[in-house]
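One structure is given here, and the rest of the page talks about it.
The values are calculated or read from the model by the stated rules, or taken from the named source; none is laboratory data. Please read these numbers as outputs of a predicted model, since none were measured by experiment. Ideal geometry is used to build each Cβ from the backbone, glycine not excepted, and the neighbour counts take in all protein chains shown.
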Amino acid sequence: MKREKEFLIEDVKSGSPADLAGIRAGWKLLCMDEKQIGDILDYRIMESDTRVNLLLIDERGRLRKKTIAKKVDEQLGMQFNPPTMARMKYCSNKCLFCFIDQNPPGLRPTLYIKDDDYRLSFLYGNFVTLNRLTEEELKRIVKLRLSPLYVSVHSTNPGLRQKLFGNERAELGMQNLRKLVRAGIHIHAQVVLCPGINTGPEMKNTIRDLYKMGTNILSIALVPVGLTKHRHGLPDLRLFTIAEADALVAKVEKLQNYFLSRRGTRLLYAADEFYVLSGRDIPAADDYENYPQLENGVGLLRIFLDELQKIEGVAGEKDPRLNISLVTGLAAEYYVRKLVAILEAGNRNLRCKVFIIKNRYFGPEVNVAGLLTGSDLIRELENKELGDLLIVPATAVNEKNDLFLDGLSLQDLAEKVGTPVYSASGPLEALALLEKIQDGNIVLQGGMKK
């Protein structure tokens, strides 16, 4: 059989069917069931069978055949490079607020990639604009029922869309969105708000237009523009004021009540940053309706607060004898200090320090924990007394290999500050980490994590 394509296996999930079959990262997949693979969608359809025959090339260049029996729809557990298993569709927009355009040099290479690929939207929740979607791709989405998709809308006004996206074809994205919605494809929409540009009446009209598209619009997230100090040669933009954030949250809550009474869903959500800036209380968990836009920073603080409540009654069960340090950005300082208060109140032998890290890498306007870099942490912590353990927010490192945005690892940080370093996603994970240390399941030693 003629070999047309080779797909590099970048990672194999531990314990997955592929792992149990002996397939390893670095191998190449040639075909499945003697059929060629077009892209990741073809692969996902073909891997859904209960019995899959694979032809591969191992790390030594040898042909290998594997037959894997598994549950129906169970994934094989392989990840590929590129993730689309085909040429990725890149973004052709020049958005006024594009965060990637504001990235400094020296970040992980993948952070400079601008994708606008419907396959990544369906599989991983990446936001796409639909501005480059072809008629053939639209038909494929509908035929394969690739739903839900995550779509960057920003405005429904044709002229304003051209300005925001920096793309004369931006109206095509709205046309494609309407076609997909009419075809029954579910959509999670995001609107990145730039004060004075797509706020006020423009924001109101955008929300109204999306609402009128019907129930296939599942959610709308309002997200504040993010600005770094690296906007050289880019359009002038500004951040929200406290008063503007307060007014926006009030508007959102009013519209949520209206949508809830009319459609049975709140539909519209404001990012956590608006609540932090305005000083308003974070909504209850039920108000987030299963958190449809967590990746947009919508509801993360509510989950954090709910986890705080869960650990209040159990925080003192192990009472670890430790001195620890925690780091965060300015935006989450209040919530991390609440965590420390609960941990210390329930554990008389535990002592905690909190370090609020200034973001020199991206600039002072960036204060979220997820954009902390290893170099900023080293700069502020290298000569500090950190105790037995340093805990960093899990949002600051990637899940695969614990790398910060600037490519430094938790291990690099640990060696520089001379303290073992671990990440935790929230209060529950932080408490579980301390208990494992107390039980001896984790051994702390020098500047290393083991």
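Below are the figures for this structure:
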{"read-out": "Exclusive hit being in a helix (DSSP H, G or I), in contact (Cβ under 8 Å) with a residue 12 or more places away in the chain and out of contact with any Pro (no Cβ under 7 Å at 6 or more places or on another chain), set GLU344, GLU333", "value": "GLU333"}
{"read-out": "Residue match in the stretch 111-119 (condition: among the acidic types (Asp, Glu), surrounded by 14 or more Cβ atoms within 10 Å (Cβ to Cβ) and within 30 Å of PRO364 (Cβ to Cβ))", "value": "yes"}
{"read-out": "Leading residue by the ranking (farthest from the chain's Cα centre (by Cα)) among those in the stretch 25-56 that are among the basic types (Lys, Arg) and surrounded by 16 or more Cβ atoms within 10 Å (Cβ to Cβ)", "value": "LYS28"}
{"read-out": "ASP117 vs. criteria among the acidic types (Asp, Glu), under 19 Å from the mean Cα position of the chain (by Cα), under 29 Å from ILE217 (Cβ atoms) and at pLDDT 95 or above", "value": "yes"}
{"read-out": "Whichever residue in the stretch 141-156 is surrounded by fewer than 18 Cβ atoms within 10 Å (Cβ to Cβ) and without any contact (Cβ under 8 Å) to a residue 60 or more places away in the chain and, among such residues, is nearest to ILE197 (Cα to Cα)", "value": "SER147"}
{"read-out": "ALA270 being among the hydrophobic types (A, V, I, L, M, F, W, C) and under 22 Å from the mean Cα position of the chain (by Cα)", "value": "yes"}
{"read-out": "Selection within the stretch 381-394 - within 20 Å of the chain's Cα centre (by Cα) and surrounded by fewer than 19 Cβ atoms within 10 Å (Cβ to Cβ)", "value": "ALA394"}
{"read-out": "Contacts under 8 angstrom Cβ, first residue in the stretch 230-251 being under 19 Å from ASN103 (Cβ atoms) and touching a residue at least 12 places away in the same chain (Cβ under 8 Å), partner assigned to a loop (DSSP other than H, G, I, E, B) and basic (Lys, Arg), 6 or more apart", "value": "LEU237/ARG231"}
{"read-out": "Lone qualifier among LEU164, LEU172 - being closer than 26 Å to ALA247 by Cα and part of a helix (DSSP H, G or I)", "value": "LEU164"}
{"read-out": "Output for the stretch 205-220, where each listed residue is touching a residue at least 24 places away in the same chain (Cβ under 8 Å), on the phi < 0 side of the Ramachandran plot and surrounded by fewer than 20 Cβ atoms within 10 Å (Cβ to Cβ)", "value": "ASN205, ASP209, TYR211, MET213, THR215, ASN216, LEU218"}
{"read-out": "Meets criteria (part of a helix (DSSP H, G or I), closer than 22 Å to GLY297 by Cβ, modelled with pLDDT of 95 or more and touching a helix residue (DSSP H, G or I) at 6+ places or on another chain (Cβ under 8 Å)) for LEU180", "value": "no"}
{"read-out": "Within the stretch 385-411, tally of residues that are outside any strand (DSSP E or B) and either more than 17 Å from LEU444 (Cβ to Cβ) or not assigned by TED's automatic domain parsing to the domain that holds LEU431 (or both)", "value": "13"}
{"read-out": "Total residues in the stretch 281-310, condition over 13 Å from LYS338 (Cα atoms), assigned to a helix (DSSP H, G or I) and touching a Lys or Arg at 6+ places or on another chain (Cβ under 8 Å)", "value": "3"}
{"read-out": "Selection count, the stretch 330-351, where residues are of a type in the set (A, V, I, L, M, F, W, C) and within 28 Å of GLU365 (Cβ to Cβ)", "value": "6"}
{"read-out": "Residue in the stretch 300-307 that is closer than 24 Å to PRO104 by Cβ and surrounded by fewer than 19 Cβ atoms within 10 Å (Cβ to Cβ) present", "value": "no"}
{"read-out": "Which numbered condition VAL354 fails, given (1) farther than 30 Å from LEU222 by Cα; (2) at pLDDT 95 or above; (3) outside any strand (DSSP E or B); (4) among the β-branched types (Val, Ile, Thr)", "value": "(3)"}
{"read-out": "Options GLY184, GLY196, GLY159, GLY106; residue that is surrounded by fewer than 16 Cβ atoms within 10 Å (Cβ to Cβ), assigned by TED's automatic domain parsing to the domain that holds GLY226 and touching a Gly at 6+ places or on another chain (Cβ under 9 Å)", "value": "GLY106"}
{"read-out": "Identity of the residue in the stretch 426-445, touching an Asp or Glu at 6+ places or on another chain (Cβ under 9 Å) and assigned to a loop (DSSP other than H, G, I, E, B), that ends up surrounded by the fewest Cβ atoms within 10 Å (Cβ to Cβ)", "value": "ASN441"}
